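The values are calculated or read from the model by the stated rules, or taken from the named source; none is laboratory data. Remember, it's a predicted structure, so these values are computed and weren't measured experimentally. Cβ placement follows ideal geometry from the backbone for every residue including glycine, while neighbour counts extend to all protein chains displayed. Heads up: the accessible areas ignore ligands, DNA and RNA and are worked out on the full protein's heavy atoms, side chains in. Shrake-Rupley method; radii C 1.70, N 1.55, O 1.52, S 1.80 Å.
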Amino acid sequence: MMTKKTEDSDSDFTNLIRHIQESRGIDFRGYKRTSLERRIRRRMEEVGCDSFAAYHAFLEAHPQEFIDLLNTVLINVTSFFRDSEAWEVLRREVVPRILERKGDKGPIRIWSVGCASGEEPYSLAMMFAEALGTTDFCRRVKIYATDLDDAALNTARHATYAARDVESVPEPLLERYFERTNNHYVFQRELRKCVIFGRHNVVSDAPISRIDLLVCRNLLIYLEADTQSIVLPRLHYALVNDGFLFLGKAETQLARSRMFEAVDLKSRIFSKVPQEWRRTAGGSLSLANEANGARVSTQARLLESIVDNSSAGYLAVNAEGLLIFANTHARRLFDVEENDIGRPFHDLTISYRPTELRSRIEEVRNSGRLVRIEHQPFTRAGAEPVRLTIEVAPLYSRDGKAFATLLTFFDTSRVFLLQQEIEAAQESLETTIEELQSSNEELETTNEELQSTNEELETTNEELQSTNEELETMNEELRSTNEELEVANEEMRRQSEEAGEYRRYSESILRSIDVGIIVLDDNFIVQSWNRWSENVWGLRNEEVTGEAFLELDIGLPVQRLRRQIQDTLKTEAPAEPVEVEAMDRRGRRITCRIRLSPLLYDNRAARGVVLIIEDVTERARSDAFAKYLGRVIGQSLNEVYFLDPASFSFQLVNKGAETKLGYSLEALRQIALYDLMPDIDAAAFGRLVGPLLSGEKAEIVFETTIERPDQTVRPVEICMQHFGEEQPPILVAMAHDVTERQHIGLDDNRAEPVSG
């Protein structure tokens with residue numbers, strides 16, 4: 001049944017991709033299937049579809065969903081001068097070389113692949129305009145900007161951006177190349193004419209040729225390896241000899257071939273290496289293979305070597321309870337044979353020896369949390385007994401679902417022996433103290449005996465008395481020293497307990513707080529990272545402590561916080577909260593509200609910054625929905641009145657009410673509702689509404705007539721509700737014109753019966 005279900009899901013997914021291609025002309029062939037499926041599932045969750053077939057039907061019924069789907073799948077995430085350090089290297093190292101090669105009059109051709117909403121090609125335009133001047137730029141430079149998403153290209157052509165979109169543009173460039181209109185910024189018209197936008201699929205469409213600088217950032221990482229091997233030669237072909245390729249941060253490995261050489265590897269800038277090209281039998285361009293005709297997967301060999309040479313033993317059990325993996329150390333330690341792979345785990349000796357593991361695996365599957373079992377004794381035939389510490393942890397796939405359980409075995413025999421030695425040393429120390437105390441007591445007894453003897457022989461044994469006095473003095477010193485040691489020992493023990501309790505207390509508070517707490521020192525180095533941050537960003541505390549916060553590669557755009565952190569350290573005062581869009585470790589897009597406060601010690605200068613991060617995604621969605629609901633009601637043709645419960649005067653009405661009543665809102669605020677009812681006076685209206693205001697009734701519905709300014713009268717049905725808990729209280733009335741309803745009834749009475 002599982003196989004049949006999987007086959008149906010694959011078929012539905014294929015049909016969905018075909019429908020998208022036929023409806024929007026977008027070819028997803030070559031994209032990584034796992035990434036493509038994960039991003040489509042994200043949209044399915046947001047619209048409430050539980051299968052590909054259901055989402056296929058949803059797309060057919062709601063064509064506007066294509067816009068949100070393509071924004072999610074095509075990852076239209078961009079910004080001006082994204083990764084500013086890499087752009088600075090491009091400006092400093094690459095632009096001068098292109099200008100030098102082209103001379104004073106040579107044309108310059110630039111191609112921005114996957115340009116999204118246009119921030120990238122306009123950043124290129126500003127960079128070259130700064131180097132050439134506006135006049136020479138418009139005369140010599142052509143920037144080709146291509147993408148698959150027509151909606152994104154349309155946005156790019158308008159070149160109109162909100163204030164938050166241009167935050168990364170340096171102030172001088174913003175003033176020089178943008179025009180401020182209301183709350184938006186429009187890119188300069190002269191430069192915009194030199195940017196040519198067009199729809200292009202880099203996988204299947206012919207490349208643009210004679211390009212001096214090709215920018216293709218964070219696109220190749222979403223393509224399959226075979227597709228990458230097709231795209232890279234196309235990019236190579238598009239460039240002129242000594243042309244430059246600018247890739248994204250995560251694409252270092254993709255250009256490490258004989259086609260390109262690094263100009264600045266950290267910034268992912270490469271130059272074209274001229275190649276002898278040949279055509280394959282299919283007609284596409286490709287590079288000649290290596291001499292041996294094959295490429296070795298270094299990463300696969302590296303991972304295999306790391307796992308097999310690890311000092312820890314690893315076993316993996318899948319969801320069906322079958323052993324699916326055992327590294328070399330685990331096989332040697334537990335005598336796991338090749339034919340044991342694929343067998344039920346509970347049939348193997350390791351499932352209950354050195355300890356019972358089946359129940360622990362079930363516990364991890366149910367809770368999703370790691371289980372650690374300390375210092376379990378384990379003995380093999382002909383080998384020394386050892387102590388094993390076992391960790392049982394869930395393994396998650398890219399879609400965030402657990403698919404297997406990993407068992408890790410560490411040899412902690414030495415740690416266990418050290419603990420035993422420490423305990424033995426402690427016991428020995430306590431025994432020594434007891435013996436010293438006993439000796440002290442015996443010494444006191446001896447002293448008394450000597451003193452008695454001294455009294456008896458006082459006249460004849462002065463030397464013995466002197467010796468006895470020295471012994472007394474020594475005894476007192478030893479007693480005093482012993483007491484001081486006991487006091488010091490007790491104080492150290494108390495301080496140790498207090499410190500440990502305080503540490504546990506602080507850690508428990510940080511773990512319990514349902515917001516992210518990140519503490520940085522004055523050099524932006526992470527000092528503390530609580531449990532919320534681990535769960536959301538996917539990095540444990542020990543992985544980030546001591547690392548530079550602004551260099552962390554997480555879903556939070558940390559570079560945008562640089563200025564707020566610097567201001568907080570400088571002013572030693574909390575910064576205004578900021579809201580940023582981020583992505584958690586499961587790929588879910590969230591909205592984070594971030595507050596920054598200085599870390600102060602004894603009212604001295606700030607020694608760091610505390611970041612408090614709160615997930616406000618749902619609140620932001622609720623606010624947006626409330627605004628949306630208000631707009632809908634405001635534009636509705638139905639009549640909605642908001643009245644003062646005391647005077648029944650109009651406070652607010654929607655557009656439909658203004659239209660049908662025939663009065664403007666300013667005029668309506670001067671009159672009461674009953675003034676428009678020729679058949680009822682103020683007293684009668686007050687008696688009608690009285691039970692509603694007193695709370696006897698939840699709502700009242702009545703029919704009356706409404707008079708317009710032109711003396712025309714129309715019958716209406718009015719439903720009224722009183723919201724007394726609001727501040728201030730409000731009386732809401734919804735009116736429905738029943739004139740049409742009466743006409744319909746009249747027509748029905750006059751209609752002749754029709755025989756069947």
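Between Glu576 and Asp521, the contour length at 0.36 nm per residue exceeds the Cα-Cα span by 17.8 nm.
Dividing the alpha-carbon radius of gyration of region 655-698 by the rule-of-thumb value 2.2 N^0.38 Å gives 1.39. Measuring nothing but protein heavy atoms, the accessible surface of region 115-273 at 1.4 Å probe radius is 46 percent carbon and sulfur.
Among the listed pairs Lys142/Lys266; Lys142/Lys193; Lys249/Lys272; Lys627/Lys655; Lys102/Lys142; Lys627/Lys660, a Cα-Cα separation exceeding 21 Å is found for Lys142/Lys266; Lys627/Lys660. Within region 722-738, whose backbone N sits under 11 Å from a point 7 Å along Cα→Cβ of Arg714? The answer is 736-738. The simple Förster model, with R0 at 30 Å and r as the Cβ-Cβ distance, assigns Ala162 and Lys266 a FRET efficiency of 0.40.
Taking R0 as 35 Å, what FRET efficiency do you get between Glu666 and Lys697 from their Cβ-Cβ distance, rounded to the nearest 0.05? With R0 = 35 Å, the Cβ-Cβ based efficiency is 0.65. The stretch between Asp347 and Arg607, if pulled fully straight at 0.36 nm per residue, gains 87.8 nm over its current Cα-Cα span. Model label sites at Asp68 and Ser647, defined 7 Å from Cα along the beta-carbon direction, differ in position by 4.4 nm. Debye-formula intensities of region 646-720, expressed as log10 I(q)/I(0) at q = 0.11, 0.15, 0.20, 0.25 Å⁻¹, are -0.28, -0.53, -0.95, -1.38 (one equal scatterer per alpha-carbon, no solvent). Checking every one of the GluC sites (Glu not before Pro) in region 648-738 against DSSP loop status and a limit of 16 other Cβ atoms within 10 Å picks out Glu696, Glu725, Glu726. Spin-label pair Thr14-Asn638: with each label point 7 Å from Cα along the Cα-Cβ axis, the two points sit 4.8 nm from one another. Between Leu429 and Arg687, the FRET efficiency from the beta-carbon distance, with R0 = 60 Å, is close to 0.05. Spin-label pair Ser512-Val487: with each label point 7 Å from Cα along the Cα-Cβ axis, the two points sit 3.7 nm from one another. Note on exposure: Arg531, Arg380, Arg180, Arg687 ranked by accessible area (1.4 Å probe, complete protein assembly) read Arg687, Arg180, Arg531, Arg380, with the most exposed listed first.
Residue ranges 500-509, 89-98 sort as 89-98, 500-509 when ordered by packing (mean number of other C-beta atoms within 10 Å per residue, highest first). Here the mean projected area of the convex hull built on the C-alpha positions of region 327-486 is 17.4 nm². Rounded to whole Å, the principal axis extents of the Cα atoms in the chain read 146, 92, 68, largest first.
Using C-alpha pairs below 8 Å separated by at least 6 residues, the relative contact order for region 538-663 is 14 percent. Here the gap between Lys142 and Arg358, fully extended at 0.36 nm per residue and compared with their Cα-Cα distance, gives a gain of 71.2 nm.
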